[in-house]
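Please treat every number below as a calculation from the coordinates, not as lab data. Values in this document were obtained by computation on a predicted structure and should not be read as measured data. All Cβ positions, glycine included, derive from the backbone under ideal geometry; neighbour counts span all protein chains shown.
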Amino acid sequence: MTTTLLRGGRIIDAAQSIDETGDVLVRDGVIAQISTTAIGEHNCEIIDCQGCIISPGLIDIHVHFREPSTGKHEETTASGIASAVAGGFTTVCTMPNTTPAIDTPEMVQTAIEISQRLNRCNVFPTACATLGRRGETLTPIQAMVSAGAIAITDDGDVVEDDAMMSAVLKECAANNVPFMQHCQDPKTTIGGVMNEGEVQRILGYGPWPRSAEESIIARDIRLNESIGAKWHAQHLSSGGSVDLIRKAKAANQLISGEASPHHLLLTDEACRDLGTMAKMNPPLREQRDIDLIKEGIADGTIEILATDHAPHPMHTKEKTFSEASFGIVGLDCALALYAKALIDDGVLDWPKMLLMMTSNPASLINRPELGVLALGNQADITIIDPNFDWIIDTRTFASTARNCPFDGWKVKGKAIATMYGGNLAYQALGDRQNRCNTT
């Protein structure tokens, strides 16, 4: 295995309060040395990191890679991983709403085996809370966690029944695994396809109220009070949800939430301007919701950034708004979009934003070693050029899907190298890389 010296970068590891210029030496797949003075290593690959950030590998706890699959989707684990590493991610957590659903230990093992054969990125599967995600029968959660499930979720569907939800939470607590909730009360979203409001009424589409999200969060907070499971709200869209989570955290509940790029940058006006490319689940809402979500990020109420990378064949978007698929692909361009929404807008600086993409999600999934640059740790590292100007072009995405409303946007900040286990899983280094043979 090669030895690689990352030279002269801004080393940011907010979990360890590190923000300094220096070198990082990677040998035999692990971090061998971190120094604020030049490391005099010979016979190694050298990557010039001047002007760049050296960060723990980025983590996305909410992606859809569509495997196992009956052929309905074009995305695979291989193309999903390619998209992840191109975006700077070294760890992703895949959702279980596949066909068939990941609701048995054997299905969990199959998902792990597929990703391990590729060996370019950590791919941790989540597993269903109920069989077939139908909300009727509890899955064998203990066995699935033992098989390698990193979290439990019926993502795409809420666990609607209170008694079933309590049973799921108790199993998650007993097995020390987080539960990730898709916060949508289906009784209030029948026929709903976009945010309930003025734009929706003008367009004449079915309404999707904020209460659909907020009511499930409030219900789960109440149910979990006496259970104490680690509970996580996926893809927050409503400003009202933020205060519910803030109050629960103040009451010492083990609760967290995530924000996605599209819910930080787009409002429901995009449904008028971009059509089905702006059809999301949960839907895009209004500027006041974005403002409240950003407030929640700034004060630490929302601790995690996650894309909800949801690839769809284009023909499923080329339908009427009511019939088209929900969702957006995001891994290839997420880093720059987060920077635009949060750094350019003065909400966060780079260390705080990277904390939400490294250590915080690592802690949620009980893998804290993945979110830090520590001696002896596997070398999962992302090199970021924060001043790299580029235009999002979906035709260049590593993902097979192109359903992205940000096509053509001018953005700044890009992962120029993604190192997984000491090897470059992705690189766009140009002349920054060379080999030193000095003896």
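Pairs exceeding a 29 Å alpha-carbon distance, out of 230/352; 249/414; 247/414; 319/352; 170/340: 249/414; 247/414; 319/352; 170/340.
Taking a quarter of the surface of the Cα convex hull of the stretch 114-246, what do you get in nm²? Mean projected area for the stretch 114-246: 9.9 nm², to one decimal. Once you divide the Cα radius of gyration of the stretch 313-401 by 2.2 N^0.38 Å, the number left is 1.39. Taking every DSSP beta bridge that has both residues in the chain, what percent is antiparallel when rounded to the nearest 5? Restricted to the chain, the bridges split so that about 55 percent are antiparallel. Evaluated with a Cβ-only charge set (Lys, Arg +1; Asp, Glu -1), the chain carries a dipole of roughly 320 debye about its Cα centre, given to the nearest 20. Just need the Rg to Rh number for the stretch 352-439, please, alpha carbons only, Kirkwood Rh. Radius of gyration over Kirkwood radius for the stretch 352-439 works out to 1.03. Listed from fewest to most Cβ neighbours within 10 Å, the set 158, 168 follows the order 158, 168. Using the Cβ of residue 113 as centre and a radius below 14 Å, the other residues enclosed give a net charge of -1, where K and R count +1 and D and E count -1. Using R0 = 22 Å, the C-beta based FRET efficiency linking residue 142 and residue 251 works out to 0.20. Near residue 389: Cβ cut-off under 14 Å, other residues only, Lys/Arg at +1 and Asp/Glu at -1. The net charge is +1. Kirkwood's formula applied to the C-alpha pairs of the stretch 177-259 gives a hydrodynamic radius of 13.4 angstrom. What are the GluC sites (Glu not before Pro) within the stretch 127-190 that DSSP puts in a loop, where the Cβ has at most 11 other Cβ atoms within 10 Å? In loop regions of the stretch 127-190 (DSSP not H, G, I, E or B), the sparsely surrounded GluC sites (Glu not before Pro) are 136. With the alpha-carbon atoms of the stretch 1-138 aligned to their principal axes, the span from lowest to highest coordinate is 59, 30, 23 Å, starting with the largest. Computing Rg and the Kirkwood Rh from the Cα coordinates of the chain gives a ratio, Rg/Rh, of 0.96. Of interest is the spacing of the C-alpha centroids, which for the stretch 75-125 and the stretch 187-219 amounts to 31 Å. Just checking the listed ones, 396, 276, 189: in the Gaussian network model of the chain with Cα springs under 10 Å, the one fluctuating most is 396. Orientation-averaged projection of the stretch 191-350 equals 9.6 nm² [convex hull of Cα atoms, one quarter of hull surface area]. Ellipticity at 222 nm from helices only: DSSP H runs of n ≥ 4 in the chain, each -39500 (n - 2.57), divided by the residue count, give -7500 deg cm²/dmol.
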